[in-house]
Amino acid sequence: MKGLSTFDIAGRAMASQLVRMNAIASNLANAGSVSGTEQGAYRALRPVFATRYDGAAATVDVASMARTGTPERKLDPNHPLADATGHVWQAAVDPNQEMVEMVETARAYANNVEVLSTARGLALDTLRIGK
């Protein structure tokens, strides 16, 4: 990376928040799902961010996606996926936590949109000065 502009930095931050929002949507879609095995149960997706430096400027990228949480074992002998002991494994997703993450992500994305809008406005004002 050489010579990151405000537009580059805000754009990368927005792209990272979009990945985060997609992970949250996937987590919410799978909340409450069950599996017959602990290994098959859904675990929440979390993006792992990495800071990228370019001299005095820094931006963020998604380095990887991690699976988090431990599925909960529940007794439900009438469920078609229940194992021999009558247990199923419920997804390791807390819908309340995901909603908080969603609000935080939406605010971070909106802040970066505001940065882009302000930078664009300043650039246009600078061009008008020359006329």
Report whether or not V62 is outside any loop (DSSP other than H, G, I, E, B) and buried (at least 17 other Cβ atoms within 10 Å of the Cβ). yes
Select from the stretch 43-59 the residues that are open to solvent by 30 Å² or more (accessible area, probe 1.4 Å) and touching a strand residue (DSSP E or B) at 6+ places or on another chain (Cβ under 7 Å) and list them in ascending order. R43, L45, R46, V48, F49, T51, R52, A58
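Every residue, every condition in (1) assigned to a strand (DSSP E or B); (2) touching a residue at least 40 places away in the same chain (Cβ under 8 Å); (3) loosely packed, with under 13 Cβ neighbours inside 10 Å, yes or no:
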{"position": "T70", "(1), (2), (3)": "no, no, yes"}
{"position": "A82", "(1), (2), (3)": "no, yes, no"}
{"position": "T85", "(1), (2), (3)": "no, no, yes"}
{"position": "W89", "(1), (2), (3)": "yes, yes, no"}
{"position": "N96", "(1), (2), (3)": "no, no, yes"}
{"position": "E101", "(1), (2), (3)": "no, yes, no"}
{"position": "A106", "(1), (2), (3)": "no, yes, no"}
{"position": "Y109", "(1), (2), (3)": "no, yes, no"}
{"position": "G121", "(1), (2), (3)": "no, no, yes"}
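The values are calculated or read from the model by the stated rules, or taken from the named source; none is laboratory data. Since this is a predicted model, take the numbers as computed values, not measurements. Cβ coordinates were reconstructed from backbone atoms using ideal geometry, including for glycine residues, and neighbour counts include every protein chain displayed. Heads up: the accessible areas ignore ligands, DNA and RNA and are worked out on the full protein's heavy atoms, side chains in. Shrake-Rupley method; radii C 1.70, N 1.55, O 1.52, S 1.80 Å.
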